[in-house]
Amino acid sequence: MNDGAELLERCYTSGADVTWYRNIQKAPLYRRDLDIVAVAPDGAVASFATVWFDDITLTAACEPVASSPAHQRKGLAKACIHEGLRRAREMGATMGFVGSGEEGAHRCYASAGFTDYKVSRQWGKEV
C-alpha cells in the first residue's frame, strides 16, 4: 500500500484529471498519512481509501473509497479501509464511519466490519 502522494504523481504523469483529488487535499482535516492506496502489479491504482480523523470527537470517516473495476471483489478496498482505520486508531480514534448509497459498497463495508445504521432520511417539500 502506498500513500496518496504517489497516486497523485502517477495520475499527473499519465495526464489524468485529478482536480477532485487536489480539492480533497485542501480540506481542513485531510491528512496525507491517512490516504491509503493499493497498487496493482502493473502499477495501476487498484483501490484506495481516504480516512479523515477528527481529534476532538476521536472519530474516523472513510471517504472516498473505491476500487477499479478490474480489481473489485478482491478485498483491496477492505484492506485500504483497515489500514486507514488502524492508523487513525493509533492517533486516538475510537469509532469509524463510512456512508454508502449502493449495494456493492454496502457489501464491502459490511465485510470490513461496519454495522449498518440508518441515520439519515430524505426530506422533500413542494415549492
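We did not get these values from a lab; they are worked out from the coordinates using the rules stated. Fair warning: this is a prediction, and the values are worked out from it, not measured in the lab. Here the Cβ positions follow ideal geometry from the backbone for every residue, glycine too, while neighbour counts run over all protein chains shown.
Remarks
- Length released on extending from Asp33 to Val127, taking residue separation times 0.36 nm less the Cα-Cα span: 29.3 nm
- The magnitude of the dipole of the chain, with charges of +1 and -1 set on the Cβ of Lys/Arg and Asp/Glu and taken from the Cα centre, is near 240 debye.
- Check: the stretch 70-127 dipole with +1 on Lys, Arg Cβ and -1 on Asp, Glu Cβ, in debye: 140
- Backbone N within the stretch 79-105 under 17 Å of label point (7 Å from Glu63 Cα along the Cβ vector): 81, 85, 95-103, 105
- Treating r as the C-beta distance of Ala70 and Lys26 and R0 as 35 Å, the FRET efficiency rounds to 0.75.
- Along the stretch 31-44 the Karplus relation, 6.51 cos²θ - 1.76 cosθ + 1.60 evaluated at θ = phi - 60°, assigns HN-Hα couplings of 10, 4, 6, 10, 9, 9, 10, 9, 10, 6, x, 7, x, 6 Hz to successive residues, with x for each Gly and Pro.
- Thr19-Ala44 FRET efficiency (beta carbon distance; Förster radius 25 Å; 0.05 resolution): 0.80
- Cross-link partners of Lys74 among lysines, defined as those whose alpha carbon lies under 16 angstrom from its own and excluding same-chain residues fewer than eight positions apart, are absent.
- The alpha-carbon atoms of the chain, seen along their principal axes, cover 45, 38, 31 angstrom, with the largest extent given first.
- Structure-based [θ]222 nm, the chain - -39500 (n - 2.57) summed over DSSP H runs of at least 4, per residue, nearest 500: -10000 deg cm²/dmol
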